[in-house]
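The values are calculated or read from the model by the stated rules, or taken from the named source; none is laboratory data. Note that the structure is predicted; figures quoted are calculated from it, not measured. Every residue, glycine as well, gets a Cβ built from its backbone with ideal geometry; the counts of neighbours run over all protein chains shown. With ligands, DNA and RNA removed, areas are computed over all heavy atoms of the protein, side chains included. Shrake-Rupley method; radii C 1.70, N 1.55, O 1.52, S 1.80 Å.
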Amino acid sequence: MSPAEKPVDQLTPEEAGEELARLAAEIAENDRLYHLEDAPVISDAAYDALRIRNAEIEALFPELVRVDSPSLKVGPAPTGTFGPVVHARPMLSLDNVFSDDDVRDFVASVRRFLAFPPDQELVFTAEPKIDGLSMSLRYERRRLVTAATRGDGSTGENVTANIRTIKEIPERLPEDAPDVVEVRGEVYMRRDDFMALNQRMAETGRVFANPRNSAAGSLRQLDPEITRSRPLKFFAYAWGETSEPLGKTQYDVVRRFGDWGFKVNDRMVRCDSVEALLKHYHAIEAERADIPYDIDGVVYKVDRLDLQERLGFRSRSPRWATAHKFAAEKAMTVLNGIDIQVGRTGAMTPVARLEPVTVGGVVVTNATLHNEDYIRGIGNTGQPIRDGRDIRVGDTVIVQRAGDVIPQILDIVPEKRPADSKPYVFPDRCPVCGSHAVREEGEAVRRCTGGLICSAQAVERLRHFVSRNAFDIEGLGEKQIEFFFNAEDPALRVRSPADIFTLKERQERSLTKLENVDGFGAVSVRKLFGAIDDRRNIEFSRFLYALGIRHIGETNAKRLARHFIGFAALMETARAAEIPEGKGDKGNAAWQEINGVNGIGGVVAEALVEFFNESHNLEVVDALLAQVKVLDEERVGEVSSPVSGKTVVFTGALEKMSRDEAKAMAERLGAKVSGSVSKKTDLVVAGPGAGSKLKQATELGIEVIDEEQWFERVGNNL
Ligand code: IVH
């Protein structure tokens, strides 16, 4: 048997050395074919197997690791290598706007929220949106202690050792910096540095697609010395926790960062009108090609920090900022085919298979076609799109890619349509399970009706279950899920979420060993089982999100978790709830409780109640609960204020703030805001002109205060 055929643990040191040399050469050659020639000759699975084998041999013979080892080169580093860091303040994202009119709307909505009269000055900053990776740098006693990536916004990855190698990031801050400060900004790579780096790397076979990936890959190195050799840069533009206020305006704080030794963007300006914002935007847009690093838009932020505070946040993004994105990049190519993907709810999405084409520096081979109407040239409300032109296989199409969004097909080139092309016929059966696919009245999507028998839906549900914001089980990617789902050996089969947690035990009892299966190996199997075991204790909101209930995304899962604290309470309430039938019916108490959770409306409540009253779902949940422990939602971060837990009604005219601001403020302070007065109301804030609600409150003996008194009461908690 040649060394290449031997299981890793049977190799002699000499054979291991030979194997590592062979693997290094083979991986480098395949990298070259893939990235430079765009012509891979082996499957992704076979390629992964080479890298896994290399890593396993290195784990057993660390002294034999070669200087040109593929494991030292970029490529997605195994996630989890960098420990988690919980952000003291979440790292939010920005809303996007695309047109000048959107910017006008944004400014108008800010003014409305703040109840600013038309003549009151409102200043914004405008600065380039850097296309890199956001980073939070925590300084304690003026020394850099932690650097963390954004991650999911609340938990990022600890990359401190690598960040310390970036010259533009100060290790120490001057005396005037506060004891605790988190400076946030963007790690990026200049385009010329990126090209030079790729040229160097071309010799080793692996190159990056664009400067952003290059910056990300360089930060994810296990060896900080490799990061040091990469030309990474940093712009500071925001902050997280601070032990004392940093200034009065966005502009001043950023300037202060500059004084502390950070690089700040010199294209940041203050603007006191929409027209000034747009002027700066168009100036930056015109300069874009000459700016030495990639940018994908302009960010506008309310300058005064007291106003930022009043404006606060929506679930993921601040109300006081927005990103004005540049127009997306486009390219022309040929549509080679249309495949149908079946999602976890059975939704059938058409995907365009394209002749590979570079759009804005990234090779695109797939694009979304949204739904069957879109292909036929019909828009969401039945109106014609693309002047009613349909899309056919063989057409020359225009592809658009904007930021991280999935590329889409905008239009076809009619003159290039082949004479023999035929309209695309959307399948009326599921391509995976053969069940009927139906399109309900008023819906744009066609869905497979196969439900539990449809393997595509089941696989997608499992993929969702292990995905990053759900159970986040590393080592269980698309390929592995498909492998386990289709495994012939019952000891290796995973059909339902609970099976993931019984996998280890089942295969230990069986004669089949996962580590002997192609594509796995001793090391990866151990890691996989470790990752699964790590998740036996899971946060409530993640657990709920993982179940894949319709309409329960991360935000709604969090809202429900915060309200019910324990999963058992949620399940019990949902099981007891009766969905109202028709108008006058208000549903029973359990229903009202769910429907009354802040931010949860009827549609979501109904989906939840239906889910927990379906026996198949209960079986899945029960089996899962036998394997994992759902942790109670932590009460940390729960605000305690004079109005927390109270139900408040605002009525009449408010003078210092808009109704929206009043509501947001009360909710931030832990109160529930209701639109009508009832026995459950604790407090009514009445302004001039208050009418029936005020009367009702007085009759019910509910405390009534005015706006002034409201501020006195909550003043210290703002
Ligand atoms: S401000 C609370 N300013 O864009 C908002 N973000 O789409 C904090 N980004 O995650 C972000 N340049 O990574 C801000 N000048 C800039 C930016 C910028 C790039 C990134 C950042 C953020 C993402 C949101």
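For Arg316, the accessible surface of its heavy atoms amounts to roughly 120 Å² (probe 1.4 Å, protein chains only, rounded to the nearest 10).
Each helix, a run of at least 4 DSSP H residues, gives -39500 (n - 2.57); summed and divided by the residues of the chain, these come to -10500 deg cm²/dmol at 222 nm. Each Lys or Arg adds one and each Asp or Glu subtracts one; over the other residues with Cβ under 9 Å from the Cβ of Thr647, this totals +2.
Apolar share of the accessible surface for region 334-437: 51 percent from carbon plus sulfur atoms, 1.4 Å probe. Ranking Val65, Ala557, Gly388 by how far each Cα lies toward the positive end of the dipole of the chain (charges on Cβ) leaves Ala557 at the top.
Using alpha carbons only, how many angstrom separate the centre of region 256-276 from the centre of region 363-415? That distance is 39 Å. For the chain, the Cys residues with no second cysteine's beta carbon closer than 4.7 Å are Cys271. Taking every protein chain into account, the 1.4 Å probe leaves Glu121 with about 130 Å² of accessible area, to the nearest ten.
Remark: accessible surface ordering of Lys248, Lys416, Lys646 (largest first) is Lys248, Lys416, Lys646, probe radius 1.4 Å.
Filter the cross-link list Lys167/Lys325; Lys646/Lys693; Lys672/Lys695; Lys325/Lys416; Lys583/Lys646; Lys325/Lys422 down to pairs whose alpha-carbon distance in this structure exceeds 25 Å. Beyond 25 Å: Lys167/Lys325; Lys325/Lys416; Lys583/Lys646; Lys325/Lys422. A compact globular protein would have a Cα radius of gyration near 2.2 N^0.38 Å; the ratio found for the chain is 1.06. Note on Lys330: aspartates and glutamates with a C-alpha under 13 Å away, same-chain residues under 8 apart excluded, are Asp411.
Look at the alpha carbon pairs under 8 Å that are at least 6 residues apart: their mean separation over the length of region 354-453 gives a relative contact order of 21 percent. Helix 13-31 and the longest principal axis of the C-alpha atoms of the chain enclose an angle of approximately 60°. Remark: accessible surface ordering of Phe483, Phe106 (largest first) is Phe483, Phe106, probe radius 1.4 Å. Seen against the Cα atoms of the chain and their longest principal axis, helix 615-625 is set at about 80 degrees. Taking a straight Cα-Cα cut-off under 19 Å and skipping sequence neighbours fewer than 8 places away in the same chain, the aspartates and glutamates within cross-link reach of Lys513 are Glu5, Asp9, Glu56, Glu482, Glu488, Asp489, Asp499, Glu505, Asp533. Can you give the net charge of the other residues whose Cβ lies under 13 Å from the Cβ of Ala607, counting K and R as +1 and D and E as -1? Neighbour charge sum, excluding Ala607 itself: -2. Other residues within the sphere of radius under 12 Å centred on the Cβ of Leu278, judged by their own Cβ, net out at -3 (K and R +1, D and E -1).
What's the extension gain from Gln592 to Val351 if we count 0.36 nm per residue and subtract their Cα-Cα distance? Taking 0.36 nm per residue and subtracting the Cα distance, the gain is 82.6 nm. Pairs of lysines in region 201-314 whose Cα atoms sit within less than 21 Å of one another amount to 5, provided the residues are eight or more positions apart or on different chains. Modelled label positions at Gln199 and Glu121, each set 7 Å beyond Cα in the direction of Cβ, lie 5.0 nm from each other.
Per-residue extension of 0.36 nm, minus the Cα-Cα distance of Ser676 and Leu452, leaves a gain of 76.3 nm for this segment. Relative to the longest principal axis of the Cα atoms of the chain, the long axis of helix 191-202 lies at roughly 30 degrees. Extending 7 Å from Cα along the Cβ direction at Ile291 and again at Glu488 yields two label points whose distance is 5.7 nm. The residues of the chain present an accessible area of 50 Å² per residue when probed at 1.4 Å with all protein chains retained. Given their separation in residues at 0.36 nm each and the Cα-Cα distance between them, Lys416 and Arg51 gain 127.1 nm when the chain is fully extended. Per-residue Karplus couplings for region 407-419, computed as 6.51 cos²θ - 1.76 cosθ + 1.60 with θ equal to phi - 60°, are listed in order as x, 10, 9, 8, 7, 10, 9, x, 5, 9, 5, x, 4 Hz, Gly and Pro entered as x. Distance between the modelled labels on Arg506 and Ala108, one decimal in nanometres: 5.8 nm (7 Å Cα→Cβ projection).
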